[in-house]
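The next block holds one structure in the form of structure tokens; read it before the comments.
The values are calculated or read from the model by the stated rules, or taken from the named source; none is laboratory data. As the structure is a prediction and not an experimental result, all values here were calculated from the model. Note that each Cβ is placed from the backbone with ideal geometry, even for glycine, and that neighbours are counted across all protein chains shown. In case anyone asks, the SASA skips ligands and DNA or RNA and just uses the protein heavy atoms, side chains included. Shrake-Rupley method; radii C 1.70, N 1.55, O 1.52, S 1.80 Å.
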Amino acid sequence: MKLSSRLENLLEENNLTQKKLSTELHIAPSTLNGYLRRDREPDFSTLIKLANYFRVSIDYLLGVTNIRRPYTTNGFYDDKEEDLLDTYRTLGPQEQNYLLQQAHMYSNQDLDFSQKK
């Protein structure tokens, strides 16, 4: 998927018009339309604005990855998130699947350790 398709999808997902997005990001409507029609490509500054606005990575916008990588307050994963991602990437497919199953199991449980003694 190219930038134009990603932008189109993000606009739709967020119920945004081209005009509203161009106004909020201070981009000329014709410029944004050019990105969507594949006539133009954004500069680095505009890519950063778009990624920050939609809380996705620039790699996602450009179609390098399908992982949106939610934007964090400082723009990076914290150490624990980075460690988990690095660990996951070193595993084989079967182990990755097992790790995901375990994570889903934990996330679906109501674990309140603060009240346990």
task: Any residue in the stretch 5-19 that's more than 19 Å from Gly63 (Cβ to Cβ) and small (Gly, Ala, Ser): show its pairings with residues that are outside any helix (DSSP H, G or I) and open to solvent by 30 Å² or more (accessible area, probe 1.4 Å) at Cβ separation under 6 Å, as long as the two are six or more apart or on different chains.
output: none
- prompt: Taking the stretch 79-110 as the region of interest, how many residues are open to solvent by 100 Å² or more (accessible area, probe 1.4 Å) and of a type in the set (Ser, Thr, Tyr)?
  reply: 3
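Within the stretch 1-13, can you find the residues that are open to solvent by 80 Å² or more (accessible area, probe 1.4 Å) and in contact with a helix residue (DSSP H, G or I) (Cβ under 9 Å, 6 or more places away or on another chain)?
Correct list: Met1, Lys2, Glu8, Glu13.
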task: Only residues that are closer than 19 Å to Asn14 by Cβ and assigned to a loop (DSSP other than H, G, I, E, B): list them for the stretch 24-47, please.
output: His26, Ile27, Pro42
